[in-house]
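Enquirer: I'd like to ask you about the structure that follows.
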Amino acid sequence: MKNSTTIGFIGAGNMAYAIITGLINNGISTEKIKISDTNESILSLRKSEFNLEVFMDNVELATRCDVIILAVKPQVLSLVCRQLKDALNTNTLIISIAAGVRTHDIDRWLGGNKAIVRTMPNTPALLNQGVTGLFANEFVSETQKSLATDILKSVGTSLWVEEETMLDAVTALSGSGPAYFFLMIESMAKAGVALGLDEKIAQQLSVQTALGAGMMANISKDSVRELRANVTSPNGTTQAAIESFQDQGFETMVSHAMRAAYDRAAELAIELGDSD
Ligand SMILES: NC(=O)c1ccc[n+]([C@@H]2O[C@H](COP(=O)([O-])OP(=O)(O)OC[C@H]3O[C@@H](n4cnc5c(N)ncnc54)[C@H](OP(=O)(O)O)[C@@H]3O)[C@@H](O)[C@H]2O)c1
């Protein structure tokens with residue numbers, strides 16, 4: 001990323017906080033980051049945390065930035081984009097982190113022919129452990145793509161998809177995915193309590209097991225299937241549990257759940273795009 005690039009955030013909430021923290025930790029000067037929000041108290045909080053230039057007026061921010069990150073809730077995105085319509089330079093890159101809103105709707109609200117990258121981050125971004133799916137519309141240059149990669153990489157891993165509908169699949173997998181693992185952790189802890197463990201101990205065992213398994217899956221040269229085979233001795237305890245999962249259709253259950261998330265993402269995109 002060029003040192004001269006100025007990045008503006010519209011919406012100073014949780015995700016803006018996470019990305020700004022990541023950028024600063026990656027050596028981006030606070031002079032090159034600006035932020036606007038309609039909520040005065042969050043703006044003064046961010047100002048005191050990061051010592052950034054802050055604005056109550058989104059348009060004023062937009063005229064001063066090369067990249068604008070739309071970090072408001074999806075329901076207010078249409079309003080924000082319409083405000084920006086006449087304030088953007090021809091080379092401004094727009095990055096939307098708003099869940100579900102499609103690039104052609106954002107482009108229409110912004111007046112057309114704008115370089116837009118739509119992204120789907122996930123909550124571990126708050127701990128710099130996120131994974132983000134990115135899609136670029138036809139107006140985004142290679143240089144702008146690498147700029148978007150650099151920005152989102154500051155909160156974890158970033159991966160590009162070629163088709164925008166694949167962002168609905170990303171939503172179903174990694175966007176909603178942290179909640180699936182939380183459900184698994186919760187269920188395992190509850191089952192541990194049912195087997196007689198103290199609640200706190202069961203919770204710790206469950207969380208630490210998820211963390212350890214995730215770290216092993218991340219660093220091991222073996223596939224997750226091989227890792228699973230390695231800990232499943234014939235006729236042992238793990239095999240008994242895995243067979244019980246499989247007998248009850250675990251894989252089908254996961255597949256149906258993700259299909260439901262995918263379908264809902266597509267429905268939401270239509271609802272949010274029609275909110276004119
Ligand atoms: N949090 C996540 O895990 C996550 C993951 C993936 C994607 N996202 C997406 O990231 C976006 C931001 O999420 P978040 O959790 O950071 O939301 P958030 O904490 O609610 O932050 C949004 C901020 O935007 C402000 N705002 C509202 N209307 C505005 C306007 N017209 N102009 C400027 N600012 C305005 C809000 O102020 P008020 O509070 O006063 O309304 C709030 O401070 C969402 O679109 C969400 O879909 C979030």
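Enquirer: Can you work out the PRE-style zone for residue 166? Point 7 Å along Cα to Cβ, and I want the residues of the range 106-122 with backbone N under 18 Å.
Expert: Under 18 Å, as judged by backbone N against the label point of residue 166, lie 116-122 of the range 106-122.
Enquirer: For the range 1-61 and the range 216-276, what is the separation of their Cα centres, given in Å?
Expert: 36 Å
Enquirer: Here is a follow-up. Using modelled backbone amide H atoms (1.01 Å from N, in-plane), which distant-in-sequence or interchain residues come within less than 5 Å of residue 96's amide H?
Expert: Amide H neighbours of residue 96: 70, 117, 118, 119.
Enquirer: For residue 190, which lysines qualify as cross-link partners when the Cα separation must be under 24 Å and same-chain residues fewer than eight apart are set aside?
Expert: 200
Enquirer: From the gyration tensor of the Cα coordinates in the chain, what semi-axes in whole Å does the equivalent ellipsoid have, largest first, with each one equal to sqrt(5λ)?
Expert: Three semi-axes, in Å: 39, 21, 17.
Enquirer: Now for a separate question. For the chain, what is the accessible area per residue in Å², given a 1.4 Å probe and the full set of protein chains?
Expert: 57 Å²
Enquirer: Reachable lysines from residue 145, Cα under 18 Å, same-chain residues fewer than 8 places away excluded?
Expert: Within the straight-line limit of under 18 Å, residue 145 reaches these lysines: 2, 114, 153.
Enquirer: Note down the accessible area of residue 82, probe 1.4 Å, to the nearest 10 Å².
Expert: Approximately 110 Å² for this residue.
Enquirer: Probe radius 1.4 Å, ligands and nucleic acids ignored: give me the carbon and sulfur share of the accessible area of the chain as a rounded percent.
Expert: Percent of accessible area from carbon and sulfur atoms in the chain: 56.
The values are calculated or read from the model by the stated rules, or taken from the named source; none is laboratory data. Since this is a predicted model, take the numbers as computed values, not measurements. In this analysis, Cβ positions are derived from the backbone assuming ideal geometry, glycine residues included, and neighbour counts consider all displayed protein chains. Note: accessible area is taken over every heavy atom of the protein model, side chains too, but ligands, DNA and RNA are not part of it. Shrake-Rupley method; radii C 1.70, N 1.55, O 1.52, S 1.80 Å.
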